[in-house]
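Asks: The structure's right below; bear with me while I get my questions together.
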Amino acid sequence: MWRAMNSGFDDFLTLEVNNLDVDVLTGIYSEETHLPQPLRISIRAKLKIADHYDPDTPLSRSKNYMDLKHAATTALPKDMHFTLIEAVADHIIGTVFLQDARVRHVTVKIIKLLLTERKEQIGITLSRWRR
């Protein structure tokens, strides 16, 4: 079995959850502020990994990717209005950092589905390293 030699580089595991469609109260225009808007949310979280993963390595040596889904769905307050989708991404990132101290970096991409006319993707990507 191949094992990584100490090469001076940090190894990371990236967990991903892509294309979650979530209704969120967000927007700055009057027609946006009273009803939830459909957002397409993708999350990438990097965490420091174990030295290696054997076939019987327990989940506790990694992270459950369903935690990422939770951060973008049930962990978002349903009655809170986020003026900017940047604030939605920031809330998701904060939730992922709170879930697990091993998470070093999180990226959240949000597409506003109501702005899509011809399959373009209009939105933001916010990334943050743990401080």
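Asks: If you fit an axis through the alpha-carbon atoms of helix 85-99 and take the longest principal axis of the Cα set of the chain, what angle between them do you get, 0 to 90°, nearest 10?
Replies: Here the helix axis deviates by roughly 30 degrees.
Asks: Out of all Cα-Cα pairs in the chain, roughly what percent, to the nearest whole number, are more than 18 Å apart?
Replies: 57
Asks: Can you list the aspartates and glutamates whose alpha carbon sits under 13 Å from that of Lys109, skipping same-chain ones fewer than 8 residues off?
Replies: Hits, sequence-local ones excluded: Glu16, Asp21, Glu86, Asp90.
Asks: Sticking with this structure for a sec: In debye to the nearest 20, how big a dipole does the range 53-92 give about its Cα centre with +1 on each Lys and Arg Cβ and -1 on each Asp and Glu Cβ?
Replies: Around 80 debye, computed over the range 53-92.
Asks: Related question: Mind checking which lysines have their C-alpha under 17 Å from Lys63, skipping anything on the same chain fewer than 8 residues away?
Replies: Lys46, Lys48
Asks: Oh, and also: Skip the ligands, DNA and RNA, and give the accessible area per residue of the range 29-131 with a 1.4 Å probe, whole Å².
Replies: Accessible area per residue: 63 Å².
Asks: Hey, another quick one. Let me cross-check Arg128: its accessible surface, 1.4 Å probe, with only protein heavy atoms counted, in Å² to the nearest 10?
Replies: Around 70 Å² of this residue is reachable by solvent.
Asks: Run the accessible area of the chain with a 1.4 Å probe and give the carbon-and-sulfur part as a rounded percent.
Replies: Answer for the chain is 53 percent, counting heavy atoms of protein chains only.
The values are calculated or read from the model by the stated rules, or taken from the named source; none is laboratory data. Just so you know, these numbers come straight off a predicted model, no measurement behind them. Neighbour counts run over all protein chains shown; Cβ positions are idealised from the backbone, glycine included. Ligands, DNA and RNA are stripped out before the accessible areas are found, and what is left, the full protein with its side chains, is counted by its heavy atoms. Shrake-Rupley method; radii C 1.70, N 1.55, O 1.52, S 1.80 Å.
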